[in-house]
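Heads up: the structure comes next, in structure tokens.
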Amino acid sequence: MSKLPNIGTSIFTVMSKMATEHGAINLSQGFPNFPVDSLLTDIVTQLAKENVHQYLPMAGYPPLLSNIALLVKKSYRRIILPEIEILITAGATQAIFTTIQALVETDDEVIILDPSYDCYEAPVLLCNATPVRVSLNDDYTPNWDTIAKACSANTKMIIINNPHNPTGKILTQSDFEALESILKKYPKIIVLSDEVYEYITFEEKHISAHTRINLLNRCVMVSSFGKSFHVTGWKVGYLVAPEHLMNEIKKVHQFLVFSVNSLCQVAISEYLDVVSIEGIGILYQEKRDHFRELLKTSRFELLPCEGTYFQVASYAAISNENDVDFCKRLITEYGVAAIPISSFYENGKDLHLIRFCFAKDNATLEEAAKRLCKI
Ligand code: PMP
Ligand code: GLN
């Protein structure tokens, strides 16, 4: 008996483990390999000697809540009430899990776009609710007509991920207009907006759900300091929700973790006092451009990348293998690990595409590209 009979081990675990076993360059699971800002590690070293080791208030360290409110105000000109509308979570994963557990009921339907990052479906299934997958268009833009057709009186939630993992697509004004016109017809639907890469966009500016006045009262917005400060292992994120939703979310949160890692919360808060988060878009744009340039002479065809630190590539000119086998061979024969895109699809659709993470120091990207150009 299994509560999740069709859910296996996450592809990120599988590929990272295989990369380690074979000593391959790991461009699979998304995490940076360059050093964290020494300003942040100095704060941690100092704080470790201070009295920051006990439980913090359930919703989060109050100065961190205030700093997030300031950040949201600076980034999106939205005023939020720190003590009421913000919850610090153990990464975006817990924010998403907690939100779904708190708001989705048995037999509800939740719209998940296909392909999607892997952490949305299991929490829906654990609510005895139904994930309804809706395919993105071929260029990975949402197909609002099909999304509208998939909505019904049973739909409780639409999950959007912007910028999108794995394709790096970002939503436009007209996407939000289309979403909002669907929501007008279905007052019950809540939007869960996963924006963990909100500060990692390139030519086009990120449009956050925070800026959409029609969404604010029915949207839970999720972010992660793991992405924004290159500390994925700290697992500190947050969600922003209107009070009526937050009250329900907090009921679950208090029994899932009660409160999140105190030292990391205080460190992030003090770091936010002195740095600006927005610069990371430039850092990753340089990395994206460098990595794409390095792969120019390879036989991979690179898809556009508007945001995130992931580059999707087609290997159709190289091999006919399915993408999982190709990724395995990439590790064992060429010493580079990537993620097969089929793992983001409900039914494992294989388009001969793989995802590379370019959140790496230049030496790593250069060595990986050297190997990839030999294929
Ligand atoms: N959402 C997306 C789209 C992600 O790529 C990730 C993974 N990093 C998460 C959520 C989870 O973030 P966290 O590590 O903060 O739990
Ligand atoms: N979000 C990361 C990625 O897409 C993986 C995080 C994880 O391993 N759970 O690679």
Exercise for the section: Compute the length gained on full extension between N320 and S75: take 0.36 nm times their separation in residues and subtract their Cα-Cα distance, giving the result in nm to one decimal. Expected result: 83.7 nm
Handout entry: Shape category assigned to the range 288-369 from the gyration tensor of Cα positions, a/c cut at 1.5
Key = prolate
Practice task
List the trypsin sites (Lys or Arg not before Pro) within the range 175-221 that fall in a DSSP loop (any state other than H, G, I, E or B) and whose Cβ has at most 14 other Cβ atoms within 10 Å.
Solution key: K188, K205
Problem - Set of aspartates and glutamates near K328 by C-alpha distance (under 18 Å), chain-local residues within fewer than 8 positions excluded - result: E21, D350
Problem - Accessible area per residue in Å² at 1.4 Å probe, computed on the range 1-75 - result: 60 Å²
Completion exercise
N347 and E366 label points (each 7 Å along its Cα→Cβ direction) are spaced in nm at 4.6 nm
Practice task
Assign unit charges at the C-beta atoms only (+1 for Lys and Arg, -1 for Asp and Glu), then state the dipole size of the chain relative to its Cα centre in Debye, rounded to the nearest 20.
Solution key: 160 debye
Completion exercise
In this structure, the FRET efficiency calculated for Q285 and N214 from their beta-carbon separation, with R0 = 35 Å, to the nearest 0.05, is 0.70
Fill in the blank from the handout: Output ordering of 25-36, 189-200 (per-residue mean of other Cβ within 10 Å, highest first) is 189-200, 25-36
Exercise for the section: Report the FRET efficiency, 1/(1 + (r/R0)^6), for T130 and V274, where r is their Cβ-Cβ distance and R0 is 51 Å, rounded to 0.05. Expected result: 0.65
Exercise for the section: Quick one: compute the contact order of the range 1-129, relative version, from alpha carbon pairs under 8 angstrom and 6+ residues apart, as a percent. Expected result: 20 percent
Exercise for the section: Multiply the residue separation of L39 and K3 by 0.36 nm, subtract the distance between their alpha-carbon atoms, and state the gained length in nm to one decimal. Expected result: 8.5 nm
Problem - Cα-projected label distance for V257 with T146, points at 7 Å along beta-carbon direction, nm - result: 3.4 nm
Handout entry: Set of aspartates and glutamates near K74 by C-alpha distance (under 16 Å), chain-local residues within fewer than 8 positions excluded
Key = E198, D273, E278
Problem - Whole-angstrom gap from the range 170-195 to the range 47-114, using each part's C-alpha centre - result: 21 Å
Practice task
Quick one: pull the percent of accessible area on the chain belonging to carbon and sulfur, 1.4 Å probe, ligands and nucleic acids left out.
Solution key: 52 percent
Completion exercise
Over the chain, the sum of -39500 (n - 2.57) across DSSP H runs of at least four, divided by residue number and rounded to 500 deg cm²/dmol, gives at 222 nm -12000 deg cm²/dmol
Completion exercise
Neighbours of D114 by Cβ distance under 9 Å: Lys/Arg at +1, Asp/Glu at -1, summed charge +1
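Given a 1.4 Å probe, how much area per residue of the range 218-375 is accessible, in Å²?
On a per-residue basis, the range 218-375 sits at 39 Å².
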Exercise for the section: Express in nm, to one decimal, how much length is gained between D114 and N51 on full extension, taking 0.36 nm for each residue of separation and deducting their alpha carbon distance. Expected result: 18.1 nm
Fill in the blank from the handout: With a ≥ b ≥ c from the Cα gyration tensor eigenvalues, square-rooted, and the rule rounded for a/c under 1.5, otherwise prolate when a/b > b/c and oblate otherwise, the range 150-285 is oblate
Practice task
Count the DSSP beta bridges whose two residues both fall in the chain, then state the antiparallel fraction as a percent rounded to the nearest 5.
Solution key: 45 percent
Handout entry: Under-5 Å amide H pairs with A316, H placed in peptide plane, nonlocal only
Key = E301
Handout entry: Loop-located trypsin sites (Lys or Arg not before Pro) in the range 227-308 whose Cβ has at most 11 other Cβ within 10 Å (DSSP)
Key = K296
Problem - Spin-label pair H22/S174, simplified geometry with 7 Å Cα→Cβ offset, distance in nm - result: 4.2 nm
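If the limit is 30 Å between Cα atoms, which of K73/K296; K205/K374; K188/K287; K184/K205 go over it?
The answer is K73/K296; K205/K374; K188/K287.
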Problem - Positive-end residue of I11, C373, V312, charge dipole of the chain with Cβ unit charges - result: I11
Problem - Relative contact order for the chain, counting Cα pairs under 8 Å that sit 6 or more residues apart, in percent - result: 24 percent
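The values are calculated or read from the model by the stated rules, or taken from the named source; none is laboratory data. All values derive from a computational prediction rather than experimental measurement. Glycine also receives a Cβ, built like all others from the backbone with ideal geometry; neighbour counts cover every protein chain displayed. The accessibility values were calculated without ligands, DNA or RNA, using every heavy atom of the protein model including side chains. Shrake-Rupley method; radii C 1.70, N 1.55, O 1.52, S 1.80 Å.
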